[in-house]
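The values are calculated or read from the model by the stated rules, or taken from the named source; none is laboratory data. Note that the coordinates shown come from a computational prediction; the quantities given were computed from them, not determined experimentally. Neighbour counts run over all protein chains shown; Cβ positions are idealised from the backbone, glycine included.
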Amino acid sequence: MPLNEALLSQSAQLVRGAQRCLVVSHIRPDGDAIGSLLGLGLALQAAGKQVQMVSEDGVPPPYRHLEGSQQVVHKPDGEFDLTMVVDCSDLERVGGALGGIHQPDINIDHHATNLNFARINLVDISATATTEIIAEALPAWGLPLTQAVAAALLTGLITDTIGFRTANMTPRALRLAADLMEKGADLPELYRRALVNRSFEAVRFWGAGLSRLERSDRLVWTKLTLEDRRAAQYPGRDDADLINILSAVDGADIAMIFVEQPNGRVKVSWRAQPGYDVSQIAVSLGGGGHSAASGAEVAGDINEIQTKVVELTRPLLNGGHRVQSK
């Protein structure tokens, strides 16, 4: 559905009047988070504004080729007259990127579990990616769509739809991809860098998870420990997109991965086939996301959490939290 015109107009007044802008996204950023961060940040810069782009965990290697990635810092510095949060369903996901700001000005997101935490909330759950919302809002904000902005926004669209193949794909998203290509974004190259290329360390990290893959009925899962990360010399705190490999297992309706974090917590990710809603389980554990792709971070021992969450998820296969297919 289109963005709320009244909210879009209110946000446009803030954007047009601002000179010092802070744009932040979530911890362990994915392609949509980085694409949104860079796409919006670069567009603001192209309009002559001072911009800080902040991601507590920085920019993952698959997205460092994007223009502006070297400008992303881990925490904000200074004062701002406009604060924008992108691709975050709640403020806890931001980590320390807001530097003590309790209520941002604008929240731009497409997650159904978004808590509407900002002064103005541009939340469109029909959008396939947050970059889709930003692309549609740029004209109202008076911001230019340069080649660099187009490349960042298309990266978010590619990654959040896993190459235009998720169940929520729409003609609107495909038309946007064509528009961004016309602005100079190189679709084949962006696709290759975001979804095909993997570092040697990431593939070694995958090996640890694949070696202990488990299955029960139509549920598959595995775990990645801190020791696995050290052994593979993988630098990130994520699963190197292994969850998308698990979701391709034939006959599996729900896939999960448990990734041990250095702070005594475990990142849990779910992927589900159409007809299953895993978001409510994620919400019950303090997380959120979409019906088919959700996550949560839980304190405790990875083995105990794995056992608990598998049992919480298993009832979905027998009709719990089913959603109507379109």
*Look at segment 188-200 and say how many of its residues are surrounded by fewer than 16 Cβ atoms within 10 Å (Cβ to Cβ) and assigned to a helix (DSSP H, G or I).*
5
*Across segment 259-276, what is the total count of residues that are more than 22 Å from Cys88 (Cβ to Cβ) and either in contact with a Gly (Cβ under 6 Å, 6 or more places away or on another chain) or surrounded by 17 or more Cβ atoms within 10 Å (Cβ to Cβ) (or both)?*
2
*asked:* Checking the structure you have, find out if any residue of segment 35-45 is assigned to a loop (DSSP other than H, G, I, E, B) and not charged (D, E, K, R).
replied: no
*Would you mind stating whether Ala282 is under 22 Å from Leu210 (Cβ atoms) and either of a type in the set (A, V, I, L, M) or at pLDDT 90 or above (or both)?*
no
*For Ile302: the one exception among (1) within 21 Å of Asp32 (Cβ to Cβ); (2) of a type outside the set (Ser, Thr, Tyr); (3) in contact (Cβ under 8 Å) with a residue 12 or more places away in the chain*: (1)
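Can you go through Ala129, Ala118, Ala97 and tell me which one is touching a helix residue (DSSP H, G or I) at 6+ places or on another chain (Cβ under 7 Å) and in contact (Cβ under 8 Å) with a residue 24 or more places away in the chain?
Values: Ala118 fails: touching a helix residue (DSSP H, G or I) at 6+ places or on another chain (Cβ under 7 Å); Ala97 fails: touching a helix residue (DSSP H, G or I) at 6+ places or on another chain (Cβ under 7 Å).
When all the criteria are applied, what remains is Ala129.
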*asked:* With the requirement that a residue be in contact with a strand residue (DSSP E or B) (Cβ under 8 Å, 6 or more places away or on another chain) and either in a loop (DSSP other than H, G, I, E, B) or of a type in the set (D, E, K, R) (or both), what does segment 275-300 give you?
replied: Gly275, Asp277, Val278, Leu285, Gly286, Gly287, Ser291, Ala292, Glu297, Gly300
*For segment 201-227, how many residues are of a type outside the set (Lys, Arg) and either assigned to a loop (DSSP other than H, G, I, E, B) or under 23 Å from the mean Cα position of the chain (by Cα) (or both)?*
14
*Return the pairs, sorted by first residue and then second, in which the second residue is among the polar types (S, T, N, Q) and outside any loop (DSSP other than H, G, I, E, B), the first residue lies in segment 53-71 and is closer than 11 Å to Gly35 by Cα, the beta carbons are less than 6 Å apart, and the residues are 6+ apart or on different chains.*
Val59/Ser69
*asked:* Can you tell me which residue is farthest from Gly156 (Cα to Cα) among those in segment 1-35 that are touching a strand residue (DSSP E or B) at 6+ places or on another chain (Cβ under 9 Å) and of a type in the set (Val, Ile, Thr)?
replied: Val15
*State which residue pairs qualify: first residue more than 13 Å from Ile245 (Cβ to Cβ) and inside segment 205-225, second residue among the hydroxyl-bearing types (Ser, Thr, Tyr) and in a strand (DSSP E or B) in any location, beta carbons under 8 Å apart, and separation of 6 or more residues or different chains.*
Arg212/Thr222; Glu214/Thr222
*How do the pairs read when you match residues in segment 242-267 that are of a type in the set (Asp, Glu) with residues anywhere that are part of a helix (DSSP H, G or I), using Cβ under 6 Å and keeping only pairs 6 or more apart or on different chains?*
Glu260/Leu226; Glu260/Ile302
*Are any residues in segment 277-297 buried (at least 21 other Cβ atoms within 10 Å of the Cβ) and either more than 18 Å from the chain's Cα centre (by Cα) or β-branched (Val, Ile, Thr) (or both), and if so, which ones?*
Val278, Ile281
*Looking at Leu224, Leu210, which one is of a type in the set (A, V, I, L, M) and buried (at least 22 other Cβ atoms within 10 Å of the Cβ)?*
Leu224
*Which pairs have Cβ atoms under 9 Å, sit 6 or more apart or on different chains, and link a residue in segment 271-298 that is over 19 Å from Asp32 (Cβ atoms) to one that is in a loop (DSSP other than H, G, I, E, B) and β-branched (Val, Ile, Thr)?*
Pro274/Val323; Gly275/Val323; Tyr276/Val323; Asp277/Val323; Gln280/Thr113; Val283/Thr113
*Out of the residues in segment 46-71 that are part of a helix (DSSP H, G or I) and either out of contact with any Lys or Arg (no Cβ under 7 Å at 6 or more places or on another chain) or not assigned by TED's automatic domain parsing to the domain that holds Ala185 (or both), which is surrounded by the most Cβ atoms within 10 Å (Cβ to Cβ)?*
Tyr63
